[in-house]
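**Student:** Got a structure here, written out as structure tokens. Questions coming.
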Amino acid sequence: MLKIGEFSKLSRVSIRLLRLYDEAGLLTPASTDPFTGYRYYNETQLPIANRITALKEMGFTHAAIAEVLRCYNTPEVLERWLLLRRTEAKAEEKEAQRRLRLLETAIERLRKDKVHMKYNVTIKTIPERYVASVRQIIPCYDREGDLWHIFCQETARMNIQDGDLVLCTAIFHDGEHKETDVDVEIQKTVLGIYPDTEHVKFKTVPAVQVASATFQGSYSKIGEVNEVVAAWVRDNGYAFDGLFFNIYHVSPHETRNPDEFVTEVCYPVKRK
């Protein structure tokens, strides 16, 4: 029989962990002195300790390790457990890579501007304009491109002329941020009168006063811009007054590089 310290050295498992394994039912001492409470282990338990260590390194939980140990001598069942853990590990790796990319982006931004990302907020009036519009419920915000595809497809042969002030915008009609089934309308200013198509409608949009901020880079920055605009509106005596929209000055239509996108976020406002 081996004292717990001796077993700890041979198994390369700390006494603290051995006690934890005992409490979890993973590795129960061969015997325990009823008077002193000292734990004693058998040499034949060393392979079990090694298996527990290996399974922990693979990422198995204590509960899962207990299940795996019970089928360790059944190769078919053991393989199923290992394949399942491999699938979980791949999913965890993918999620870890996503988080790593977010961290690297945040660090890069901080290094570029040690204080905070700053955006210039201005009050302006978007003038009345005549637009071609497509409005639909789409699965998610990332699918906005579907609306622009519909627009291009249905107006390809109409020889539409751009307006004097060319604005490509997206208006978000929901009163909240939604995870699915979002109500989005895209608009482009045009010059002349044209018949409606199945999905493209032509109409006049009234002038609107907005607090706007323009930024360059990927659309992931919009959250930061929202913070700056909200603070500006609060500090300057305005209140939000309508549906916000984006103006795309440089969009995926012009470049595939997100770092080259130029977007103006516009929030209709009024004086309090």
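Taken together, the values in this text are just the output of simple stated rules run on the coordinates, not laboratory data. Because the structure is a prediction, the values reported are computed rather than measured. When we count neighbours, we look across all protein chains shown, and the Cβ atoms used for this are built from the backbone with ideal geometry, even at glycine.
**Student:** What does the extension gain come out to for LYS178 and ILE193, with contour length at 0.36 nm per residue minus their alpha carbon separation? Working shown, then result.
**Tutor:** Working: separation 15, 0.36 × 15 = 5.40 nm, distance 3.47 nm.
Contour length minus Cα-Cα distance gives 1.9 nm.
**Student:** Sticking with this one: Rounded to the nearest 20 Debye, what is the dipole magnitude of region 141-260 about its Cα centre when Lys and Arg each give +1 and Asp and Glu each give -1 at the C-beta?
**Tutor:** Here region 141-260 has a charge dipole of around 320 debye.
**Student:** Here's a follow-up. When every alpha-carbon pair in region 154-207 is counted, what percent end up more than 15 Å apart?
**Tutor:** Details: 808 of 1431 pairs.
In whole percent, the long-distance tail amounts to 56.
**Student:** Any chance you could give the angle, 0 to 90 degrees and rounded to 10, that helix 46-57 forms with the longest Cα principal axis of the chain?
**Tutor:** The angle comes out at about 10 degrees.
**Student:** In Å³ and rounded to a whole number, note down the convex hull volume per residue for the Cα atoms of region 172-245. Let's see the in-between values first.
**Tutor:** Numbers: hull volume 10.9 nm³, N = 74.
Cα-based convex hull of region 172-245, divided per residue, equals 147 Å³.
**Student:** While we're on this one: Based only on Cα atoms, what Rg/Rh ratio does the chain have, Rh being taken as Kirkwood's radius?
**Tutor:** 1.28
**Student:** In units of 2.2 N^0.38 Å, what is the alpha-carbon radius of gyration of region 111-205?
**Tutor:** Details: Rg = 16.3 Å, N = 95, 2.2 N^0.38 = 12.4 Å.
For region 111-205, the normalised Cα radius of gyration comes out at 1.31.
**Student:** Now a separate question. Could you list, in their original order, any pairs among LYS124/LYS201; LYS124/LYS188; LYS201/LYS272; LYS9/LYS56 whose Cα atoms are separated by more than 23 Å? Mind dumping the intermediate values first?
**Tutor:** Values: LYS124/LYS201 26 Å; LYS124/LYS188 19 Å; LYS201/LYS272 34 Å; LYS9/LYS56 18 Å.
Table pairs above 23 Å Cα-Cα are LYS124/LYS201; LYS201/LYS272.
**Student:** Under a straight-distance cross-link criterion of Cα-Cα below 12 Å, which aspartates and glutamates are reachable from LYS221, leaving out those fewer than 8 residues away in the same chain?
**Tutor:** By straight Cα distance, LYS221 reaches ASP259, GLU264.
**Student:** Along Cα→Cβ, 7 Å out, is where each label goes; now give me the distance between the ones at ASN257 and THR74 in nm to one decimal.
**Tutor:** 5.9 nm
**Student:** Regarding region 1-101, what whole-number volume in Å³ per residue does the convex hull of its Cα atoms give? Kindly include the intermediate steps, with their values, before the conclusion.
**Tutor:** On the way: hull volume 10.8 nm³, N = 101.
Once divided by residue count, the hull of region 1-101 is 107 Å³.
**Student:** Between ASP142 and GLU67, what is the spin-label point distance in nm, taking each point 7 Å from the Cα along the Cα→C-beta axis?
**Tutor:** A separation of 3.0 nm, rounded to one decimal place.
**Student:** Under a point spin-label approximation (7 Å from Cα along Cα-to-Cβ), what is the THR204-GLU128 distance to one decimal in nm?
**Tutor:** Between THR204 and GLU128, the label points sit 0.4 nm apart.
**Student:** Over the alpha carbons of region 26-155, what is the largest minus smallest coordinate on each principal axis, giving the biggest first in Å?
**Tutor:** For region 26-155, the Cα extents along the three principal axes come out at 90, 43, 24 Å.
**Student:** Another question, if that's okay. So if each residue of separation counts as 0.36 nm, and I subtract the Cα-Cα distance between ARG135 and THR44, what length gain in nm does that give? Working shown, then result.
**Tutor:** Numbers: separation 91, 0.36 × 91 = 32.76 nm, distance 7.15 nm.
Result for the pair: 25.6 nm of gain on full extension.
**Student:** Using Cα centres only, tell me the gap between region 213-272 and region 17-46 in whole Å.
**Tutor:** When both Cα centres are located, 63 Å separates them.
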